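Participant: Supplied in structure tokens, the structure appears directly below.
Readers should treat all values here as calculations from the given coordinates under stated rules, not as data from a laboratory. Fair warning: this is a prediction, and the values are worked out from it, not measured in the lab. A quick note on method: Cβ atoms are made from the backbone with ideal geometry, for glycine too, and the neighbour counts reach across all protein chains shown.
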Amino acid sequence: MRWIVKKFLSYIIVLFVVIVALLTLQSEDGNFSFDSLIGSDEFEIHFIDVGQGDSTLVITPDKKTMLIDSGTKDSSKVLIDYLKNIGIDTIDVFVLTHPHSDHIGGAVDVIENFEVKQILDSGFVHTSLTYEKYLDKIDEKNIPFTVVKSGDEFSLGDALVLILSPDKPMEDANNSSIVMRVEFQDFSCVFTGDVEAQVEEEIIKSYPNIQSVCLKVAHHGSDTSSSKAFLEAVTPEISVIHVGKDNPYGHPNKDILKRLTNINTKVYRTDLDGTVIIKSDGSDYSVETTK
Ligand SMILES: [Zn+2]
């Protein structure tokens, strides 16, 4: 009888070991699994391929999350599936750079699907139905809503976020975009929304030292943005353009691509590279793409 109990126990132990081994193996198959995210202790930026629109996720080593923009309504399923797939259930800070539909279009679905703890908004009021629905949803869920301005700063877990713009109410939605610099030890990235050259000029006047490792190229690579002076002030090693394939705006502009080549930055584009993921331990970094 005792022998049978011992044998039974050893079977249980073997079964347990096999299950643990299988789970461990599963956690290693790709960078997009839940286990991989939980296991990662790096600072990560995911420039998510949402077609012609912006959506970028920042994850700190201590698992704080900031989502910057939400793409269009049409791409919201892609965005939500992506976020769920990498194990996101909470968005600590949800930044809507400005109220155009290629930035706030997926916001309602994001708020429906994840626990959003804080909204940061540019303060630019839009009359569109998309904007109205976004405000209604924030009200309904009672999410803290803050309008940020140049000079504001906050910690996102181990990272520091400094707001570079807007510094005053603007008449134009694009130029109202929240521009920010995120810093994690020696790694840094500037996120520009859709600001144009005149705002870039004000930013470099107020913040001459914004050299950063990475840059989210403004306004999908439009020629109204990415002035030579701004690009030279940031001198990014990596530049990422959120852009849809065959978009009707001709983004990214050829001259802007040339300007980026001239500053010796490595350019990634979501239309050609898919989602672009940068991971950093605070000094070194690596870049992965899904295409
Ligand atoms: Zn845009």
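Participant: On a full-extension model of 0.36 nm per residue, what is the gain between Asp41 and Asp158, subtracting their alpha-carbon distance, rounded to one decimal in nm?
Facilitator: The span from Asp41 to Asp158 would gain 41.0 nm if fully extended.
Participant: May I ask which of Lys228/Lys279; Lys73/Lys168; Lys228/Lys258 have a Cα-Cα span longer than 20 Å here?
Facilitator: Lys228/Lys279; Lys73/Lys168
Participant: So what are the three principal axis dimensions of segment 31-289 from its Cα atoms, in whole Å, longest to shortest?
Facilitator: 45, 43, 37
Participant: Test of understanding: what is the full-extension gain from Thr235 to Thr290, defined as 0.36 nm times their sequence separation minus their Cα-Cα distance?
Facilitator: 17.3 nm
Participant: Based on the alpha-carbon gyration tensor of segment 198-291, what equivalent-ellipsoid semi-axes (square roots of 5 times the eigenvalues) come out, in whole Å, largest first?
Facilitator: Ellipsoid half-lengths, sorted descending, are 21, 19, 10 Å.
Participant: Another question, if that's okay. What relative contact order, as a whole-number percentage, does segment 141-291 give when Cα pairs under 8 Å and 6 or more residues apart are counted?
Facilitator: After rounding, I find 15 percent.
Participant: Can I ask one more? Taking H as built 1.01 Å from N, whose amide H comes closer than 5 Å to the amide H of Val116, not counting residues under 5 places away?
Facilitator: Result for Val116 returns Ile91.
Participant: What residues have an amide H closer than 5 Å to that of Gly244, excluding those fewer than 5 places away on the same chain, when H is modeled at 1.01 Å from N in the peptide plane?
Facilitator: Residues meeting the criterion, in which the H sits 1.01 Å from N, are Gln52, Gly53.
Participant: Between Gln211 and Lys266, what is the FRET efficiency for a Förster distance of 25 Å, r being their Cβ-Cβ separation, to the nearest 0.05?
Facilitator: FRET efficiency, Gln211 to Lys266: 0.95.
Participant: By the scheme Lys and Arg +1, Asp and Glu -1, what is the net charge of all other residues having a beta-carbon under 9 Å from that of Ile278?
Facilitator: In short, -1.
Participant: Let me ask something else. Between Leu135, Ser226, Leu83, whose Cα lies farthest towards the positive end of the dipole of the chain when Lys and Arg beta carbons carry +1 and Asp and Glu beta carbons carry -1, centred on the Cα centre?
Facilitator: Leu83
Participant: Another one. Measuring from centroid to centroid over Cα atoms, what is the spacing of segment 120-184 and segment 193-213 in Å?
Facilitator: 17
Participant: If packing is taken as the average count of other Cβ atoms within 10 Å, what order do 237-247, 140-150, 214-224, 257-267 fall into, highest mean first?
Facilitator: 214-224, 237-247, 257-267, 140-150
Participant: Please arrange Met170, Met180 by how many other C-beta atoms lie within 10 Å of their C-beta, fewest to most.
Facilitator: Fewest-to-most Cβ neighbours within 10 Å comes out as Met170, Met180.
Participant: Under unit Cβ charges (Lys, Arg +1; Asp, Glu -1), what dipole magnitude, rounded to 20 debye, does the chain have relative to its Cα centre?
Facilitator: So the dipole magnitude of the chain works out to roughly 880 debye.
Participant: Follow-up question, since we're still on this one. Taking a point 7 angstrom from the Cα of Asp172 along the C-beta vector, which residues in segment 223-244 have backbone N less than 17 Å away?
Facilitator: Answer for this model: 223-231.
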